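Bear in mind these aren't lab numbers, they're just calculated from the coordinates by the rules spelled out. All values reported here derive from a predicted model rather than from experimental measurement. Don't worry about glycine lacking a Cβ; one is built from the backbone with ideal geometry, like all the others, and counts go over all protein chains shown.
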Amino acid sequence: MENNLIKVENAFNAMKYLALFYLFTLEVIHKDVLMKAMARIAILFNVLLVVSCTDSPQQADATFEPYQRTATYTSNASPVVLVDESHHNFLTINNRFKPFAQVLLSDGVTVDSNKVSFSQQALKNVDILVIANALDKKRSNWQPPFNQALTNDEVSVVIEWVRNGGSLFLIADHAPFPKVIESLATALGFTFTNGHVKATLFSKATGTLISHEVTYAHENTKQDDNSSANANANSNSEANPEAKTPNHVELPVFMQESQNGAFTSVLNSQLHVKEVIQVKTFGGAAFLPPEGATSLLTLGPRTVSIEPEVPFEITSSTRRRAIEGWSQGALLKLGKGRVAVFSEGMMFSSQIDTRTGDKHGMRSVGAEQNERFLFNIIHWLAG
């Protein structure tokens, strides 16, 4: 999706400059004329944007293979992970979230899908419940209203199950996903934006990725030792957030290049450490975690949430708010159970744009350690 948005941005900029050149050529640069011309271009841009984001060209990367590793778990001592597919989920283990399941399976985890409403019986033998991008109904568009994906009874069941020792992995991406899972998020104490945030590179060098047990490897890895070699991306440039002139173009922030060129990565072949020092997200939303939670991924200065009333229908007047200090990933202990909340989903998958062949997710530049980060989160949830 991110790649499509960047291409739409380029098309929009090309149309904008072409229109300006045309107006200058005709010597009719008058404020009213210019404003009308730009308004028409903005309307066309929004049409292109909505089309690019609703035709869902992203599919699971069929060539994805997890890094080679010695599995942590064995068949007779394996945590059971149940991935929800009963709430019109956008991410499922047989489609866009298949690489997520592949990573877990490679570590000896038992993975299954849930097809029924949440109940104590449905969760009876489950160690970790994954709810990823649930929706209120099967949708062909992003038009409001957006109702709750879970019933009040289901929310109560999940909360009680966690308090009694279950572990929940909740993912709610960009709008409208936070809105439809709001009842569960609120019950857990999390406050989400219902908007769009730019792709972001989190690192320990900038203090946006914290030191925690989930940022250290717990397995005997082979191939993925080299993932750390690429994970030193831009640590020097990001240490000076003022080094790059801000982008002042009134475009959706999630379409702009990450601050300080975070979409590029610099190889450092001498860096071979088990520690996770860098994680990349691909847009999504943001949230404020409750007291007692630990934010793993904390958004830095000048980060903005763009919050249209209709997802992706963005204009210069669309609400924007600063969200420095908000989170895109946090952990919480609740009663006897544990909760991991993230506001971006592609970071834990690998998808391919069927129209361009471009890959996004765990095999993207800058996301080399996302896979290790994922199964460390699973280890933490498994207790």
In nm, what is the difference between 0.36 nm times the number of residues separating Lys137 and Ser211 and their Cα-Cα distance? 22.8 nm
What full-extension length gain, to one decimal in nm, is calculated for Ser156 and Asp112 as 0.36 nm per residue of separation minus the Cα-Cα distance? 13.6 nm
Ranked highest first by the average count of other Cβ atoms within 10 Å around their residues, in what order do 369-381, 94-106 fall? 369-381, 94-106
What list do you get for Asp107, Asp112 if you sort them by fewest beta carbons within 10 Å? Asp112, Asp107
Extension reserve of the Ser316-Glu291 stretch, reckoned as 0.36 nm per residue once the Cα distance is removed: 5.5 nm
Sorted by packing (mean other beta-carbon atoms within 10 Å per residue), highest first, where do 81-87, 140-146 land? 81-87, 140-146
